[in-house]
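One structure is given here, and the rest of the page talks about it.
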């Protein structure tokens, strides 16, 4: 049985920096996650470092955070939940059913009250 991967707080922190950093507007900007991932690639080894497997998780989290997917990878799910919990800033209420973690679902339900 494969070992269950634990949450990587360093990836979550880096996701918070890179996932929206190349956003051009607050409306539709489909490629901003990919642009953020590209910036992370250009800074790896200069301003931060991660093992390759962890870096791949960061890139995946950044590139696909707007696609509405769910992930079974706990670190990616946590990143995406954090991003979705911030959607009310642009008038979108967070859907508890679109959250990938139990804490994310609880927080989303709290926003609806």
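All of the numbers you see were taken from the coordinates with simple rules; none came from a lab. Source: prediction; values computed, not measured. No Cβ is skipped: glycine too gets one built from the backbone with ideal geometry, and neighbour counts run over all protein chains shown.
The C-beta contact set for the range 65-80 (first residue without any contact (Cβ under 8 Å) to a residue 12 or more places away in the chain, second residue part of a loop (DSSP other than H, G, I, E, B) and surrounded by fewer than 19 Cβ atoms within 10 Å (Cβ to Cβ), distance under 9 angstrom, 6+ apart or interchain) is empty. Filtering the range 66-81 to residues that are over 20 Å from residue 106 (Cα atoms) and either under 8 Å from the mean Cα position of the chain (by Cα) or surrounded by fewer than 17 Cβ atoms within 10 Å (Cβ to Cβ) (or both) leaves only 67.
With a requirement of 2 or more residues that are touching a helix residue (DSSP H, G or I) at 6+ places or on another chain (Cβ under 6 Å) and within 19 Å of residue 7 (Cβ to Cβ), the helices (runs of 4 or more DSSP H) lying completely within the range 19-113 that satisfy it span 52-64, 74-85, 102-112. Of all residues in the range 41-59, those satisfying the criterion of being under 18 Å from residue 9 (Cβ atoms), surrounded by fewer than 17 Cβ atoms within 10 Å (Cβ to Cβ) and in contact (Cβ under 8 Å) with a residue 12 or more places away in the chain are 48, 54. For the range 28-39, a residue qualifies if it is in contact (Cβ under 8 Å) with a residue 12 or more places away in the chain and more than 25 Å from residue 101 (Cα to Cα), and the qualifying residues are 35, 38, 39.
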